[in-house]
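Structure first, commentary second.
The values are calculated or read from the model by the stated rules, or taken from the named source; none is laboratory data. Owing to the predicted nature of the structure, the values given are computational and were not obtained by experimental measurement. Quick reminder, even Gly has a Cβ in these numbers, built from the backbone with ideal geometry, and neighbours come from all protein chains shown. Keep in mind that these areas ignore ligands, DNA and RNA; they rest on the heavy atoms of the full protein, side chains included. Shrake-Rupley method; radii C 1.70, N 1.55, O 1.52, S 1.80 Å.
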Amino acid sequence: MNKLIVLLLGMTLFCMSIIAQETYLLSGHVFDENKLPLPGATVMLLPEKNGTVTNAQGDFSINNLPKGKYVLEISFVGYKTLRDSVSISKNIVVKYRLQASLLTLQEVVVTDHAAETLKRETSLNIEVVNTEYLKQNSGGSLMQSLNRLPGISTIDIGSGQSKPVIRGLGFNRVVVVENGVKHEGQQWGADHGLEIDQYAAENIEVVKGPASLMYGSDAIGGVIDINQSAIPTDGSLKANLDLMGKSNNNLFGSSLAVYGRKKWFFANARLTYIDYGDYKVPTDSIDIYSYKAALHKNKLRNTAGNEKNLHLQVGLVKKYFTSKFFVSTVNSESGFFANAHGLEPRNVDVELHDKSDRDIQFPYQEVSHLKLINKSLWHKNAVKLETDFGFQRNNRNEWSEYVSHGYMPAIFPDTLPFSAELERAFDKYIYSANVKGSYTLSEKTLFTVGLNSDYQDNRIDGRGFIIPTYRQTSIGGFLYAKQHLSEISLLQAGFRYDYGNLQTQEYNDWFMSPIVNNGDTIWQYLNRAINLNRDFSNTSWSIGYNFNPEQWSLKVNVGKSFRMPIAKELAANGVNYHHFSYEVGNADLSPEISYQLDLGLEYNSMKFAIGTTPFLNYFSNYIYLNPSSEHDRLYGNGNQVFYYNQCEVFRFGAELHAHYQIIKPLQIGIIGEYVYSEQLSGEKKGRTLPFSPPASAILNIKYQKQKIKYFENVYVSIDYKLTAPQNNIVPPEETTAGYQLINLSLGGDVKLKKQSVNISFQIQNLFNTKYFNHTNYYRLINVPDPGRNFILNISIPISIKKIKSNTV
Amino acid sequence: MKQIKLFSLIFLAMVIFTTCNKEEIDKQKPEIDLSMQGTFPLNCDTLYFGESFDFKVLFKDNAELGSTKSYSIDIHHNFDHHSHSTEVENCKSEEKKDPINPFTFIEDYDIPEGLDMYETNIKITLPTTNNSGILDEGDYHFYISLTDKEGWSVQKGLSIKILHRGIN
């Protein structure tokens with residue numbers, strides 16, 4: 001039957017071509033390395049410049065071709081342009097496979113397709129997120145927008161600050177990279193967020209699992225790699241205005257970006273302003289120890305804040321060379337919940353605090369982060385060279401009313417170089433340089449060598465002491481090779497060596513404390529940190545294998561990662577004002593070593609996809625802050641002492657995701673995650689690790705349609721989130737009950753004349769459920785998570801100058 | 001497919017191994033019991049400079065109380081009413097005032113090893129003066145912190161007054 005049709009069709013075509021007097025049809029199919037069709041690829045016949053674009057199935061056809069010799073050129077963003085000569089003397093059908101071009105991946109906005117390729121070519125498990133995803137899932141901060149991803153959670157403080165947690169590891173065990181340079185702030189602190197503008201993040205890759213090989217120390221738990229990668233089209237000058245509103249904390253946010261390009265020069269600028277009030281929780285009082293602090297109108301007192309960011313970028317694009325300069329400053333000011341800051345439940349001037357829900361009173365913090373980055377890429381033939389240079393300054397000040405504690409004088413002396421209200425300040429200067437070169441030996445083999453280095457200068461100020469002033473130098477080099485064993489299998493391996501040096505500076509109290517010695521009491525300025533000088537070195541490695549038969553994708557990766565101890569772990573000696581604890585560093589710590597086995601298994605068809613990413617992980621010497629049963633008497637108010645020590649840790653876990661298209665516009669899905677951690681040695685043998693996220697799952701139903709009346713790309717999505725209780729805890733945590741939440745999101749593009757305005761709307765916590773998030777920073781003092789929240793995002797593109805239609 | 005099966009088997013084995021091999025872990029905080037007969041001080045009590053008092057409180061734990069330095073007492077002024085007691089009852093405070101020479105006391109104490117219940121038995125003597133002269137009287141905060149062997153801790157904050165006997 002089929003043959004008959006083909007025959008008939010062929011005959012018809014044959015006849016038609018005869019009638020048409022010697023013109024022929026060229027049709028073909030374009031697919032990628034994984035044999036998946038490539039829709040949207042440009043197909044061009046030279047020298048006629050007769051062209052078309054492949055359809056959703058990756059097919060194309062060009063009609064009415066006179067007999068002759070042609071050059072066929074197929075191009076697609078993120079792929080190497082393919083040229084082939086075809087001679088046409090009859091109707092012919094061709095098939096072409098395009099190869100992902102590693103050389104240009106970073107200049108293009110990574111489309112879903114390229115993301116898919118990246119996933120299939122990386123042996124670690126990664127997630128790729130674009131602006132669209134961020135808009136549809138926007139939370140109070142960049143990290144909150146990402147925590148729907150399997151394996152990703154956050155440590156939140158207030159409504160606008162959060163830190164990333166990947167598979168239960170956070171703080172200095174997760175590296176955040178922005179535009180090629182590692183973001184450096186005070187990662188160890190749970191009381192402030194990541195200083196990154198969520199509007200400026202265009203493309204985010206999340207590496208779940210140890211990635212020390214490419215990203216160096218600290219990437220032991222994973223990486224969040226953020227890029228502003230888009231280069232505007234030639235001749236364009238455009239702007240985009242984003243507006244955001246949130247009901248829970250009365251947030252108003254706006255971000256305006258202007259970007260343009262003329263030939264090889266391009267520039268863009270972005271201005272972001274966000275202002276929010278105290279956030280609402282579904283409770284009228286907070287139980288701090290046994291003291292009930294009453295809340296005014298369900299608002300968590302003094303959690304208002306604001307953010308003001310500016311980004312500038314200029315760059316040049318040449319045939320073999322791209323260079324971009326980024327300048328950005330991210331500034332935020334945010335209040336701390338006034339009843340619980342310091343060393344004990346606090347009385348607050350309720351009248352002053354509750355007068356306005358938008359003002360920021362004591363205690364609060366100011367954070368500013370300045371960044372200068374140059375990112376350049378040079379490539380020619382088989383060689384690619386990349387350099388990233390960065391300067392950052394992270395400045396953080398915590399302000400609170402002076403309350404003497406320990407043996408601090410009752411009245412603050414006016415002879416000190418810092419103000420009475422400055423509780424703590426950190427001023428960190430970071431200089432980074434990365435060089436990376438890769439050489440494509442053949443279509444099958446790629447070699448990469450690289451060098452990462454940075455120098456950090458961290459100064460401290462203020463009346464409270466926790467970590468000393470320090471200087472840190474680190475340098476690491478790696479070698480990495482990637483070998484295609486066949487069209488569908490890939491082997492990669494790498495090796496790295498790192499050296500680091502950390503020097504802390506001596507610190508003495510500015511007030512005297514009584515030391516009892518043989519019955520005599522002597523008053524002296526206590527020494528809290530010594531001049532410590534430590535060197536560290538380490539090797540790490542990774543081997544991975546990818547196997548991608550048809551619709552399957554299998555990956556296996558084994559690696560050794562490491563992390564250098566940070567200044568806080570080596571030399572902390574003071575009160576943590578948020579955890580009511582006294583923390584003591586350990587100068588003898590060795591670098592943390594982790595071995596991990598990662599697996600990934602995925603099946604993808606048009607209608608159905610399922611994937612799971614299990615892992616096994618062993619730390620031979622995890623750095624753990626152990627709550628002892630001792631108390632301190634020389635600082636604070638007799639706080640419990642926490643000591644840093646090292647222990648063996650075993651962890652395993654997995655993420656799962658699946659979706660199924662029931663009928664064309666309707667899809668159901670599930671995302672789940674689970675992590676188990678156990679300390680195998682040390683004082684807390686048999687116990688878990690702090691901030692362990694409980695198992696959770698999201699059941700999702702999504703309706704998507706290309707067009708409904710005036711709306712395009714319409715979607716409606718309902719998330720039903722189930723979180724298990726967390727009963728696996730270590731002091732000072734509390735067990736947290738399980739909870740269920742419903743989040744709703746809908747949106748699409750509205751055509752207004754020639755403009756297409758994007759609208760996305762969300763209702764988070766639809767039923768205003770009172771629940772506790774185990775990894776929320778305020779969990780310890782029984783502050784529930786935010787109540788119902790309506791979120792509206794509007795994105796308005798503004799065309800200042802028309803794009804010149806470039807006839808190819 | 002063989003590889004997949006093998007890995008999932010290893011994985012399953014590890015999961016079963018770690019989840020079955022469990023001993024009971026102490027997840028309970030100790031308790032500072034202020035309800036015992038003769039407990040002192042209680043919220044709103046008054047202490048006097050130049051005198052001694054017996055600190056009498058009952059400590060309890062489901063497993064074992066900590067030993068070395070396992071409880072601490074901190075007394076600091078609350079003239080600005082910055083501290084709040086952890087007790088339900090509110091005490092009548094004096095007018096807010098600026099400290100001149102307030103009294104500060106921070107001390108940690110041992111509990112004999114191996115106990116799950118302990119009645120404190122210490123005498124604390126308050127001075128009347130320090131190097132800077134006579135100590136300020138008024139509202140003070142009496143803060144007790146207790147740990148168990150596991151590292152769980154509990155705190156109680158009491159609002160008290162410390163006065164000079166005979167002046168008032």
Seminar exercise, completed: For residue A:324, the lone unmet condition from (1) open to solvent by less than 40 Å² (accessible area, probe 1.4 Å); (2) under 22 Å from residue A:580 (Cα atoms); (3) of a type in the set (D, E, K, R) is (2)
For this session: Scan (1) farther than 30 Å from residue B:73 by Cβ; (2) facing chain B (nearest Cβ under 8 Å); (3) open to solvent by less than 10 Å² (accessible area, probe 1.4 Å) for the single condition residue A:626 breaks and write down its number.
Result: (1)
Exercise. Out of all the residues in region A:669-692, which are outside any loop (DSSP other than H, G, I, E, B) and under 20 Å from residue A:733 (Cβ atoms)?
Worked result: A:673, A:674, A:675, A:676, A:677, A:678, A:679
For this session: Taking the residues in region A:485-538 that are of a type in the set (Ser, Thr, Tyr) and in contact with a Leu (Cβ under 6 Å, 6 or more places away or on another chain) as candidates, determine which candidate is surrounded by the fewest Cβ atoms within 10 Å (Cβ to Cβ).
Result: A:513
Seminar exercise, completed: Restricted to region A:629-653 and to residues being within 27 Å of the chain's Cα centre (by Cα) and within 8 Å of another protein chain (Cβ to nearest Cβ), the residue least open to solvent (accessible area, probe 1.4 Å) is A:652
For this session: Please indicate, with yes or no, whether at least one residue in region B:50-59 is open to solvent by less than 50 Å² (accessible area, probe 1.4 Å), closer than 19 Å to residue B:118 by Cβ, within 13 Å of another protein chain (Cβ to nearest Cβ) and without any contact (Cβ under 8 Å) to a residue 60 or more places away in the chain.
Result: no
Problem set entry | Those residues of region B:80-124 which are free of Cβ contacts under 8 Å to residues at least 60 places away in the same chain, open to solvent by less than 60 Å² (accessible area, probe 1.4 Å), among the β-branched types (Val, Ile, Thr) and within 8 Å of chain A (Cβ to nearest Cβ), in sequence order | B:104, B:106
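Please indicate, with yes or no, whether at least one residue in region A:660-668 is surrounded by fewer than 22 Cβ atoms within 10 Å (Cβ to Cβ), in a strand (DSSP E or B), at the interface with chain B (Cβ under 9 Å from one of its Cβ atoms) and of a type in the set (Phe, Trp, Tyr).
First, pick out the residues of region A:660-668 that are surrounded by fewer than 22 Cβ atoms within 10 Å (Cβ to Cβ): A:660-668.
Checking which are in a strand (DSSP E or B) leaves us with A:660-663, A:666-668.
From what is left, the residues that are at the interface with chain B (Cβ under 9 Å from one of its Cβ atoms) are none.
No, because not a single residue in region A:660-668 is surrounded by fewer than 22 Cβ atoms within 10 Å (Cβ to Cβ), in a strand (DSSP E or B), at the interface with chain B (Cβ under 9 Å from one of its Cβ atoms) and of a type in the set (Phe, Trp, Tyr).
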Problem set entry | Criterion: within 26 Å of residue A:615 (Cβ to Cβ) and not polar (S, T, N, Q) - qualifying residue of A:490, A:532, A:526, A:502 | A:490
For this session: Might you let me know whether region A:343-359 holds any residue that is in contact with a Gly (Cβ under 8 Å, 6 or more places away or on another chain), of a type outside the set (A, V, I, L, M, F, W, C), under 25 Å from residue A:195 (Cα atoms) and more than 14 Å from every other protein chain (Cβ to nearest Cβ)?
Result: yes
Exercise. What are the residues in region B:125-138 that are within 14 Å of chain A (Cβ to nearest Cβ) and in a loop (DSSP other than H, G, I, E, B), if any?
Worked result: B:127, B:131, B:132, B:135, B:136, B:137
Exercise. Does region A:44-66 hold any residues that are of a type in the set (A, V, I, L, M, F, W, C), surrounded by 15 or more Cβ atoms within 10 Å (Cβ to Cβ) and either farther than 25 Å from residue A:550 by Cβ or in the same structural domain as residue A:548 (by TED's automatic domain parsing) (or both), and which are they?
Worked result: A:44, A:45, A:62, A:65
For this session: Select from region A:573-605 the residues that are within 13 Å of another protein chain (Cβ to nearest Cβ) and not in a strand (DSSP E or B) and list them in ascending order.
Result: A:579, A:580
For this session: Go through region A:669-696 residue by residue and tally those that are away from every other protein chain (no Cβ under 11 Å), in contact with a Leu (Cβ under 6 Å, 6 or more places away or on another chain) and open to solvent by less than 50 Å² (accessible area, probe 1.4 Å).
Result: 1
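Whether any residue in region A:252-265 is surrounded by fewer than 19 Cβ atoms within 10 Å (Cβ to Cβ), of a type in the set (A, V, I, L, M) and assigned to a strand (DSSP E or B) is what I want to check. Working first, answer last.
Taking region A:252-265 first, the residues surrounded by fewer than 19 Cβ atoms within 10 Å (Cβ to Cβ) are A:252, A:254, A:256, A:258, A:262-265.
Those still in the list that are of a type in the set (A, V, I, L, M) too: A:256, A:258.
Subset that is assigned to a strand (DSSP E or B): A:256, A:258.
Yes, there is a match, as at least one residue in region A:252-265 is surrounded by fewer than 19 Cβ atoms within 10 Å (Cβ to Cβ), of a type in the set (A, V, I, L, M) and assigned to a strand (DSSP E or B).
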Exercise. Which one of these is at pLDDT 95 or above and either open to solvent by 30 Å² or more (accessible area, probe 1.4 Å) or not in a strand (DSSP E or B) (or both): A:441, A:451?
Worked result: A:451
Exercise. Does region A:729-785 hold any residues that are over 25 Å from residue B:153 (Cβ atoms) and without any contact (Cβ under 8 Å) to a residue 12 or more places away in the chain, and which are they?
Worked result: A:752, A:753
